[in-house]
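Reviewing the structure listed below.
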Amino acid sequence: MKKMLVTLFLFALYTGLQAQSGTGALGGLAALRDYESKRISSFDTTGGNADRFVIPAGETITIAEIPGAGIIRHIWVTISCADPMIRRNAVLRMYWDGETDPSVESPIGDFFGNGWGEKYNFITLPLAVAPKEGNALNCYFPMPFAEGARITVENQSNEQIGAFYFYIDYEAHKKIPRDTGRFHAWWNRELTEPLETEENEWSIFGAQKKNRDGAGNYLFADIQGRGHFVGVNYYVDSPGPVWYGEGDDMFFIDGEAWPSSLHGTGTEDFFNSSWCPKEPYLHPYFGYGRVNENIGWLGRTHCYRFFIESPVAFRKSLRATIEHGHNNCLTLDLSTVAYWYQAEPHKPFPKMLPKEKRQNMPGIGPVEIHRWRDAWRKAMDGGTLWGHERNE
């Protein structure tokens with residue numbers, strides 16, 4: 001917590017100095033504005049205090065229908081539901097300029113920066129999840145549109161959402177510049193398969209093979225058109241204690257072959273950390289919103305990175321990927337939300353996994369680890385074993 005507060009203090013100091021010099025986030029705050037400030041919220045239109053929407057199980061509601069041109073600047077949401085997995089079971093979608101395929105499609109918790117249906121505090125520049133106990137979801141990504149915007153929430157839970165509170169703050173403009181990209185966000189999940197015979201990370205079972213094409217990498221996003229990639233939330237659940245992050249990021253721009261223009265050196269390096277980290281760290285642009293609490297790197301970790309200062313630009317296409325272990329050698333439960341801007345029309349997203357395939361994998365604890373030891377004992381023909389013996 002102390003490190004988190006120091007980080008936030010330094011960032012506040014930095015932006016304050018920028019404001020004094022007339023640059024940065026606060027530098028243009030005194031300039032007069034030529035738009036109308038608008039809000040759509042869940043307030044009680046009768047004048048009462050029932051300031052919430054109810055979303056029955058299995059139903060989709062439209063929470064915003066905005067005509068004309070504008071820019072959504074801030075979204076705030078909080079939810080009350082008996083379903084503990086409602087943040088994975090409720091799906092957020094956004095449509096710009098009358099399109100029929102959504103430009104944003106994600107489980108609502110994952111979109112705002114909380115994975116696995118969990119609730120935990122999260123602090124970045126474009127996204128934040130605030131107390132109490134990570135219940136308030138916030139988004140500050142600007143979302144421009146020229147001919148209308150529509151936002152929906154689908155409750156795929158078996159439970160009613162008894163209270164869905166929200167603010168959508170936006171600017172109404174006369175027009176939006178023609179070269180303005182539209183905001184996109186896409187959720188993906190894969191229970192990865194190791195491409196090699198063994199889960200051979202760190203060369204535990206011998207020399208590792210080389211990855212010379214990136215074909216088996218996990219997919220952040222597969223984008224067609226012109227735009228720029230601005231960030232990703234990466235939720236990894238590892239079923240083993242060995243480090244999950246030897247995988248390199250590979251961003252293939254405009255159809256290029258391997259090696260890509262942007263080729264990294266390891267998962268923690270891509271997320272601007274180093275040496276297999278295992279502690280929470282919340283920088284405005286990168287960090288670890290949640291870390292596993294088990295032996296080694298067994299369990300759930302949430303990494304994130306936002307390319308705020310220099311988005312990844314592409315003119316024709318972008319295939320953003322990362323290895324799951326070196327040469328894709330690990331079984332991992334990976335879920336991600338990728339964020340980008342692009343000119344429409346966009347390539348339609350693949351059909352979202354059904355609710356049943358979005359649930360969490362079972363937890364692995366001491367009992368399961370003891371069973372692993374028992375299997376090792378049997379493989380070694382019994383005896384008094386410590387567990388470090390190598391089967392030559």
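The values are calculated or read from the model by the stated rules, or taken from the named source; none is laboratory data. No experiment lies behind these values; they were computed from the predicted model shown. Positions of Cβ are generated from backbone atoms using ideal geometry, with glycine treated the same way; all protein chains shown enter the neighbour counts.
Values computed for the structure shown
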item	result
Any hit, region 117-128, residues being under 18 Å from Ser335 (Cβ atoms), outside the structural domain of Gly231 (by TED's automatic domain parsing) and charged (D, E, K, R)	yes
Residue match in region 324-335 (condition: loosely packed, with under 12 Cβ neighbours inside 10 Å, assigned to a loop (DSSP other than H, G, I, E, B) and in the same structural domain as Pro194 (by TED's automatic domain parsing))	no
Identity of the residue in region 153-197, β-branched (Val, Ile, Thr) and under 20 Å from the mean Cα position of the chain (by Cα), that ends up farthest from Pro354 (Cα to Cα)	Thr192
Answer residue from region 264-315, given it is touching a helix residue (DSSP H, G or I) at 6+ places or on another chain (Cβ under 8 Å) and of a type in the set (Gly, Ala, Ser) and is surrounded by the most Cβ atoms within 10 Å (Cβ to Cβ) among those	Gly264
Identity of the residue in region 145-188, among the aliphatic types (A, V, I, L, M) and part of a strand (DSSP E or B), that ends up farthest from Thr100 (Cα to Cα)	Ala163
Any hit, region 220-234, residues being under 23 Å from Asp269 (Cβ atoms), outside the structural domain of Arg93 (by TED's automatic domain parsing), at pLDDT 95 or above and not in a strand (DSSP E or B)	no
Qualifying positions in region 243-263 - part of a loop (DSSP other than H, G, I, E, B) and surrounded by 16 or more Cβ atoms within 10 Å (Cβ to Cβ)	Trp243, Tyr244, Gly245, Glu246, Gly247, Asp248, Ser260
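Here's the yes/no breakdown for (1) among the aliphatic types (A, V, I, L, M); (2) surrounded by fewer than 17 Cβ atoms within 10 Å (Cβ to Cβ):
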| site | (1), (2) |
| --- | --- |
| Gly109 | no, no |
| Tyr120 | no, yes |
| Leu125 | yes, yes |
| Ala130 | yes, yes |
| Tyr140 | no, yes |
| Arg150 | no, no |
| Arg178 | no, yes |
